[in-house]
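The block underneath contains the structure these notes are about, expressed in structure tokens.
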Amino acid sequence: MPSHPLRVAVVCSSNQNRSMEAHSILSKRGFDVRSFGTGSHVKLPGPAPDKPNVYDFKTTYVQMYNDLVRKDKELYTQNGILHMLDRNKRIKSKPERFQNCKDKFDLVITCEERVYDQVLEDLSSREQETLQPVHVINVDIQDNHEEATLGAFLICELCQCIQHTDDMEDEMDELIQEFEEKSNRPFLHTVCFY
């Protein structure tokens with residue numbers, strides 16, 4: 001079993017729904033967790049599929065919330081976006097990009113394959129200093145409120161199992177295979193080094 005709490009990063013595209021739901025649940029379970037997005041901008045659903053609300057990663061959750069209330073409070077209340085932003089602002093002030101964070105993690109969990117590829121690309125472009133391993137795991141989670149909640153519980157269960165392994169390096173592949181069978185979802189796994 002690791003001597004310190006697992007340092008976990010959860011990453012989706014915009015650091016709004018899937019990564020923040022997992023961040024919320026993991027932090028309540030005592031994990032050392034941070035959440036990120038990998039996109040160039042934060043995108044939230046707009047009045048039509050081709051009209052998203054686009055924000056810079058420097059925009060706070062409060063600013064997004066106030067902007068959407070001003071634009072159409074009823075629409076964004078009904079579709080759950082205001083509720084999601086309200087949860088987010090209680091966890092941290094604004095979304096963060098994974099590519100801008102130089103902290104080291106034991107485990108990086110991504111919520112879709114495209115994000116997984118972006119995380120791997122970023123980690124492989126960094127200078128290796130300590131050769132400390134980081135396990136990057138992807139589990140595909142649809143970007144809607146219900147799937148984000150189910151996915152967050154799955155991520156939490158996975159982290160709890162990893163936290164309680166005697167040897168994370170030796171047991172990881174077997175553990176991931178168990179989770180694939182149990183959840184009926186494919187997982188991707190790569191080990192990178194810092």
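The values are calculated or read from the model by the stated rules, or taken from the named source; none is laboratory data. Note that the structure is a prediction, hence the values are computed from the model and not measured. Neighbour counts run over all protein chains shown; Cβ positions are idealised from the backbone, glycine included. These accessible areas exclude ligands, DNA and RNA; they are computed on the full protein's heavy atoms, side chains included. Shrake-Rupley method; radii C 1.70, N 1.55, O 1.52, S 1.80 Å.
Restricting attention to region 103-123, and to residues there that are in a helix (DSSP H, G or I) and either modelled with pLDDT under 95 or touching a helix residue (DSSP H, G or I) at 6+ places or on another chain (Cβ under 8 Å) (or both), which single residue is most open to solvent (accessible area, probe 1.4 Å)? Before you say what the answer is, go through the steps one by one.
Taking region 103-123 as the starting set, the residues that turn out to be in a helix (DSSP H, G or I) are 113-123.
Going one step further and asking which of them are either modelled with pLDDT under 95 or touching a helix residue (DSSP H, G or I) at 6+ places or on another chain (Cβ under 8 Å) (or both), we end up with 118-119, 122.
Working: GLN118: 54, VAL119: 0, ASP122: 20 Å².
Here the residue is GLN118.
Listed here are the residues, each with its yes/no results for (1) at pLDDT below 95; (2) in contact with a strand residue (DSSP E or B) (Cβ under 6 Å, 6 or more places away or on another chain); (3) under 20 Å from ASN15 (Cβ atoms).
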| residue | (1), (2), (3) |
| --- | --- |
| ASP140 | no, no, yes |
| PHE153 | no, no, yes |
| GLN160 | no, no, no |
| MET168 | yes, no, no |
| PHE187 | no, yes, no |
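Hey, among TYR65, TYR76, which residue is free of Cβ contacts under 8 Å to residues at least 40 places away in the same chain and within 16 Å of MET20 (Cα to Cα)?
Values: TYR76 fails: within 16 Å of MET20 (Cα to Cα).
Criteria check complete, one pass: TYR65.
Tell me, yes or no, whether region 36-57 has at least one residue that is in contact with a Leu (Cβ under 6 Å, 6 or more places away or on another chain), more than 20 Å from ASN144 (Cβ to Cβ), in a strand (DSSP E or B) and without any contact (Cβ under 8 Å) to a residue 60 or more places away in the chain.
Step one: of region 36-57, the residues in contact with a Leu (Cβ under 6 Å, 6 or more places away or on another chain) are 53.
Cutting the leftovers down to more than 20 Å from ASN144 (Cβ to Cβ) gives us none.
Taking every residue of region 36-57 in turn, none turns out to be in contact with a Leu (Cβ under 6 Å, 6 or more places away or on another chain), more than 20 Å from ASN144 (Cβ to Cβ), in a strand (DSSP E or B) and without any contact (Cβ under 8 Å) to a residue 60 or more places away in the chain.
Going by what's in this entry, would LYS71 be described as assigned to a helix (DSSP H, G or I), out of contact with any Cys (no Cβ under 9 Å at 6 or more places or on another chain) and surrounded by fewer than 16 Cβ atoms within 10 Å (Cβ to Cβ)? Full working, then the answer.
Numbers: assigned to a helix (DSSP H, G or I): yes; out of contact with any Cys (no Cβ under 9 Å at 6 or more places or on another chain): yes; surrounded by fewer than 16 Cβ atoms within 10 Å (Cβ to Cβ): yes.
Judged against the criteria, LYS71 is a match.
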